[in-house]
Amino acid sequence: MKNTLIIEGGNPLNGQVRVSGAKNAALVLVVASILADGETILDNVPRISDMEYLLRILNDIGVKTRWQDDNSLLICPPDGDLKTRTSYELAKRLRASNLLLGAMLGRQGEAVVSLPGGCDIGSRPMDLHIKGVQALGADVKLEHGYIYAYAKNPGGNRVYLDFPSVGATENIIMMAVRTPGQSVIENAAKEPEIVDLANFLNSMGARIRGAGTDIIKIEGVEELQAGRYAIIPDRIEAGTYMIAAAISGGEILVENVIPTHLHPIVAKLQETGTIVEENDRGIMVRGNGRVKPVDIKTLPYPGFPTDMQSQMMALLSTAQGSSVIVENVFENRFQSVDELKRMGASIKVEGHTAVVEGVNRLHGAKVRATDLRAGAALVLAALAADGCTEIEEAGHIFRGYENIEVKLTSLGAKLR
Ligand code: EPZ
């Protein structure tokens, strides 16, 4: 089946790998480009299926986009209004299409966005997004699975986020930048991708202060001027390749990283006994025999990232002892457990907690990728497992990892 990744495990991965642009920055920056007049060029955009899908949605509402070269993207919104409604068919498959809510309200005071269907890691509600845009003056109706938002007289306001939601913070910023007056987001998300969004918008003339802290202040401006901007590297992709070195017992130099973005991942990997050293070319990671067990609690940034939880679970499945993993961000993000158990892992889940009893060796099996990061965990487990692993529905993995099969093969992995 074309959608199946087959990996022959058991040999160490060695060499160097260059990290691509961050998926979760690229998606929001491409959407934010509709807030500017003129042609935006974004550099370091990863060629991943989530991005291709988002571009189809933007083309569908009237935004012209064109790849300039491998990773530079030209985005050209029309002078007039965009079509307000994204088609459900297109939008249901990409959660990030919900970011059009804030951008469309900021651009033309109206947005119709499909309520995202549930996905494999949780119900993905939008109550905080809606609370935010309502505070800035939008009337919101939920009908037939769509969010209808209309802001006749938008005005800056103060919004408190009950949870530091990344998407809600991004939607409120994108509406506020072109809403008259001052807006303040309290308990805002502090992820590096939020900082990248703020830097991008400020480079176009927006006035955002405090991104990266839990209080973000935005002075609305009339218009934004399009320009050129390079996206930050993907800290989750970097972390995934770092674990590939640890779990396969190899040595990998992960290039093109921003070290501060990786601190929680570096700290926990070092606690497992893995050698991790920062140098002027990137982060060098060397496996050091069977890893020691460690406990993990996922938290909003700068806590340990939930997007690395499944990958850590794969690594800790081979540890010399038992580890406790608590998933505090999503209510249902242990999809990788059942598949890892088919490979011989010993894991017990109680609610938000998984107890991982390390085993000596995993063994190859037929498994299924249920979501992007659970799929990445299966790739990591397959690299270390005895024998051959067939990962079905591998399309999930290509959503967020540019050229993963090329990058892994260049490190010595045996896959097809
Ligand atoms: C972003 O999703 C990322 N996606 C996710 O990455 C990441 O896991 C997540 O942030 C947390 O870091 C993109 O940036 C495209 P949230 P987002 O709103 O914005 C609850 C990946 O693998 N919540 O911070 O949807 C929600 O249910 C993906 O690359 C509400 O209750 O995440 C969840 O439990 C997966 N109400 C928690 O907050 C709301 O209105 C965190 O969600 C919004 C969210």
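Figures for the structure shown
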| quantity | calculated |
| --- | --- |
| Accessible surface of H396 - all protein chains present, 1.4 Å probe, nearest 10 Å² | 50 Å² |
| Backbone N within the range 193-219 under 20 Å of label point (7 Å from Q68 Cα along the Cβ vector) | 196-206 |
| Whole-number accessible area per residue in Å² for the range 23-220, which is evaluated in the context of all protein chains at 1.4 Å | 38 Å² |
| Accessible area expressed per residue, the range 242-323, with surrounding protein chains retained (probe 1.4 Å, Å²) | 35 Å² |
| Debye equation applied to the C-alpha atoms of the chain, log10 I(q)/I(0) at 0.08 Å⁻¹ | -0.43 |
| Estimated translational D of the range 23-220 in µm²/s (Stokes, Kirkwood radius over Cα pairs; 37 °C; 0.692 mPa s) | 200 µm²/s |
| Backbone N within the range 390-415 under 19 Å of label point (7 Å from R281 Cα along the Cβ vector) | 407-413 |
| FRET efficiency estimate (nearest 0.05) - Cβ-Cβ, D162 to Q108, R0 35 angstrom | 0.80 |
| Whole-percent carbon and sulfur share, accessible surface of the range 321-416, 1.4 Å | 49 percent |
| Length released on extending from N403 to K348, taking residue separation times 0.36 nm less the Cα-Cα span | 16.5 nm |
| Mean ellipticity per residue at 222 nm, deg cm²/dmol - from DSSP H runs of n ≥ 4 across the chain, formula -39500 (n - 2.57) | -9000 deg cm²/dmol |
| Centroid-to-centroid separation of the range 148-201 and the range 249-275 [C-alpha atoms, Å] | 32 Å |
| Whole-percent carbon and sulfur share, accessible surface of the range 23-220, 1.4 Å | 46 percent |
| Reachable lysines, given that their alpha-carbon falls under 27 Å from the alpha-carbon of K23 and they are not under 8 places away in the same chain | K2, K64, K83, K92, K131, K190, K217, K268, K297, K407, K414 |
| Relative contact order (%) - the chain, alpha-carbon pairs under 8 angstrom, separation at least six | 20 percent |
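The values are calculated or read from the model by the stated rules, or taken from the named source; none is laboratory data. Please read these numbers as outputs of a predicted model, since none were measured by experiment. We place every Cβ from the backbone using ideal geometry, glycine too, and count neighbours over all the protein chains shown. All accessible areas refer to the heavy atoms of the entire protein, side chains included, with ligands and DNA or RNA removed. Shrake-Rupley method; radii C 1.70, N 1.55, O 1.52, S 1.80 Å.
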